[in-house]
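Data block below; observations after.
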Amino acid sequence: MNVTGKIVSLRRMRKAVIKEFNRLYYNSTVWGNGGTRWLGTTVLKCPTDLWIYQEILYELKPDVIVETGTFNGGSAYYFACLFDLIGKGEIITIDVEDNKERPKHDRVTYLKGFSTSKEIFEKVEDLIKNKQTVMVVLDSDHIKENVLNELKLYSALVTENSYLVVEDTNINGHPALPDFGPGPMEALEEFLLENKDFVVDESKEKFFLTFNPKGYLRKKTLTP
């Protein structure tokens with residue numbers, strides 16, 4: 001085998017290993033054992049993705065993160081603590097359910113309702129008015145139709161050079177949960193065919209293991 005052939009073979013092997021470890025981690029007992037914890041609060045995200053978020057927040061220093069899909073508030077609390085260290089920033093997080101046990105933090109605003117409803121979206125628009133740097137994280141219902149609707153709505157809120165993150169693009173066989181059905185990855189791919197303002201930032205997958213493959217979207221600088 002020549003040098004080129006060996007390189008191709010190694011790349012295929014690395015890709016296969018990454019896929020298998022992704023499946024292993026996703027299907028492991030880590031979730032049943034409380035998942036990943038941040039200061040005692042469960043955060044249902046991959047640790048490598050949490051580290052990437054830390055790097056993004058430090059580099060970008062956004063004024064606000066809009067998050068869809070609050071669940072138990074773990075990621076919102078994580079972001080808030082990072083903002084405490086940075087010295088600026090707030091989180092607006094949306095979920096259809098209320099949970100009085102969610103962590104309280106001055107930088108976190110909880111909204112109850114459907115992320116794609118007119119009422120909630122207008123409320124978010126009002127809350128982020130005059131914010132210079134806006135970042136969005138989509139992590140609610142993972143059905144393709146919902147994710148695509150969120151992408152079309154919330155992409156408009158993302159400011160230039162900021163990020164729109166589509167969570168859990170690894171499901172429906174990419175490589176986790178092969179029987180899930182069309183989900184975040186399929187929504188993302190359709191969105192990118194129609195929207196040229198965003199590019200996939202592959203540098204955010206540098207740790208190989210990510211639950212958000214192709215999901216870190218950076219908004220381009222838009223020329224007049």
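Rule-based calculations on the coordinates, nothing more; no lab input. Predicted, not measured: the structure shown is a model, and the values here were computed from it. Positions of Cβ are backbone-derived with ideal geometry, glycine not excepted, and every protein chain shown enters the neighbour counts.
The alpha carbon gyration tensor of the range 45-89 gives principal lengths a ≥ b ≥ c with a/c of 1.5 or higher and a/b no greater than b/c, which makes the shape oblate.
Taking the Cα centre of the range 81-164 as origin and assigning +1 to Lys and Arg Cβ atoms and -1 to Asp and Glu Cβ atoms, the resulting dipole is close to 180 debye. How would you classify the range 97-224 from its alpha-carbon gyration tensor, with a ≥ b ≥ c the square roots of the eigenvalues: rounded for a/c under 1.5, else prolate if a/b is greater than b/c, otherwise oblate? Since a/c reaches 1.5 but b/c is at least a/b, the shape of the range 97-224 is classed as oblate. Applying D = kT/(6 pi eta Rh) to the range 26-126, where Rh is the Kirkwood radius over alpha-carbon pairs, T corresponds to 20 °C and eta to 1.002 mPa s, the Stokes-Einstein value obtained is 150 µm²/s.
When you filter the chymotrypsin sites (Phe, Trp or Tyr not before Pro) in the range 1-92 for DSSP loop state and at most 13 other Cβ atoms inside 10 Å of their Cβ, you are left with Trp31.
I need the trypsin sites (Lys or Arg not before Pro) found in the range 86-127, filtered to DSSP loop residues with at most 16 other beta carbons within 10 Å of theirs. Here the trypsin sites (Lys or Arg not before Pro) that fit, given the DSSP loop and packing criteria, are Lys88, Lys100, Lys104. In plain terms, the chain from Cys81 to Glu145 could stretch by 19.8 nm, reckoned as 0.36 nm per residue minus the Cα-Cα distance. Contact order, relative form, for the chain: 18 percent (alpha carbon pairs under 8 Å, 6 or more residues apart, mean separation divided by residue count). Shown for the range 3-219 is the translational diffusion coefficient from the Stokes-Einstein equation, using the Kirkwood radius over Cα pairs, a temperature of 37 °C and a viscosity of 0.692 mPa s: 184 µm²/s. Each Lys and Arg Cβ is given +1 and each Asp and Glu Cβ -1; about its Cα centre, the chain then shows a dipole of about 880 debye.
Taking one quarter of the surface of the convex hull spanned by the alpha-carbon atoms of the range 96-165 gives a direction-averaged projected area of 5.4 nm². Simple spin-label estimate for Ala16 and Phe208 gives 1.4 nm between the two label positions (7 Å along the Cα-to-Cβ direction from each Cα).
Tell me the angle of helix 144-154 to the major Cα principal axis of the chain, expressed in degrees between 0 and 90 and rounded to the nearest ten. Helix 144-154 sits roughly 50 degrees off the main axis of the chain. Taking the charge dipole of the chain about its Cα centre, with +1 at Lys and Arg Cβ atoms and -1 at Asp and Glu Cβ atoms, the residue from His142, Pro103, Phe21 reaching farthest to the positive side is Phe21. Considering only Asn130, Pro62, Ser9, the residue lying farthest towards the positive end of the dipole of the chain is Ser9, judged by Cα position with unit charges set on Cβ. Figure legend: label point modelled 7 angstrom from the Cα of Val96 along Cα→Cβ; residues of the range 50-80 with amide N under 12 Å from it are 69.
Working value for the range 168-224: equivalent-ellipsoid semi-axes of 23, 15, 5 Å, each the square root of 5 times a Cα gyration tensor eigenvalue, largest first.
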